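Quick note: the coordinates plus some simple rules give every number you see, no bench work behind them. Since the model is a prediction, treat every value here as computed from it, not as a measurement. All Cβ positions, even for glycine, are placed from backbone atoms using ideal geometry, and neighbour counts span all protein chains on display.
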Amino acid sequence: MPNYSVDWLLIDWIVGLFIFIMIFIYIAAALLSNRNYRTWPTHRYICWLAGAACIGLSLSGPLARLAHTNFTAHMVGHLLLGMLGPLLIAFSAPMTLLLRTLPVAVSRRITNGLKNQAIRTLMHPATASVLNIGGLWVLYTTGLYMLMHHNPLWHILIHIHIFAAGYFFTVSLIYVDVTPHRYSYRVRAVILIFAMAGHGMLSKHIYAYPPVSVPAEQGRLGSMLMYYGGDAIDLILVFWLCMQWYKSARPLVFATTIHSRD
């Protein structure tokens, strides 16, 4: 339980304003870019709205309040903010929308900036996986979990990291948006398998050894939610990666079949 005063009404207003700005900017950018390009797909709007809702629900309102004292509620917030929200935001292709909304010269500079070595390293699936899964291990197996509930600055920083790490992990594995640094399907598939294993092992560790100050029953419920809920969301990643892999290999398979018949 936090030992600092929390003004939930203020937090609700701040988060609500942030989500409103997110939605407004995205829709405005899409409508503006429609003047010069084909109409922005409806499903992209839906994904952005749903992703924004996941972020909002995890940071404000009843769930966020309960998450401060209940580990199971905290884990629901983790799934929304660190897994489902980033996945939906990735499917909304925000970088593609940004590049087609801005002037061509500015878009080219941004594209060139994305080719930077630091960005390349950050967007490597292995790096993104360590930041995402490794960060969770640090959070739940050290005193960091307790610290985030006793220090508002750490609370904010950790939530930012959870979303950012989840987003970079997602976009490093499935290429829905602009991706200047692409890696083979085999590399991404292997890293995804290891990441899923790491997430599952952490869930089992929490089941046996919940974070300090977390009651055993809440630890068990939260770990099961993390395990099964995480797998459900990971299945979307697996399906999408396999579908992209199949589509990329299909022309080659078709051509090989034709040549073998000849």
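Across all C-alpha atoms in region 8-261, the radius of gyration and Dmax reach 19.9, 70 Å.
Taking the inverse of the average 1/r across all pairs of different Cα atoms in region 121-188, what Kirkwood radius in Å do you get? Radius from the Kirkwood sum: 13.0 Å. For the chain, the longest piece that avoids every one of the trypsin sites (Lys or Arg not before Pro) found in DSSP loops with at most 11 other C-beta atoms within 10 Å covers 183-262.
Count Lys and Arg as plus one, Asp and Glu as minus one, and take only other residues whose Cβ is under 15 Å from that of Leu57; the net charge is then 0.
Per-residue 3J(HN,Hα) values for region 126-134, derived from phi via the Karplus relation 6.51 cos²θ - 1.76 cosθ + 1.60 with θ = phi - 60°, read 5, 4, 4, 5, 5, 4, 7, 6, x Hz in sequence order (x marks Gly and Pro).
Distance from the C-alpha centroid of region 47-112 to that of region 172-207: 18 Å, rounded to the whole angstrom. Normalised by residue number, the volume inside the convex hull of the Cα atoms of region 16-105 is 89 Å³ per residue.
Coupling constants for region 16-32 follow from the phi torsions by the Karplus curve (6.51 cos²θ - 1.76 cosθ + 1.60, θ = phi - 60°), and in residue order they are x, 5, 4, 5, 4, 5, 4, 5, 4, 4, 5, 5, 4, 5, 5, 5, 5 Hz; glycine and proline get x.
Could you compute the net charge surrounding Ala30? Neighbours are other residues with a C-beta less than 13 Å from the C-beta of Ala30; K and R count +1, D and E count -1.
Its environment carries a net charge of +4.
Enter the angle in degrees (range 0 to 90, nearest 10) between the Cα long axis of helix 185-208 and the first principal axis of the Cα atoms of the chain, meaning the one along which they spread out most. Roughly 10 degrees, rounded to the nearest 10.
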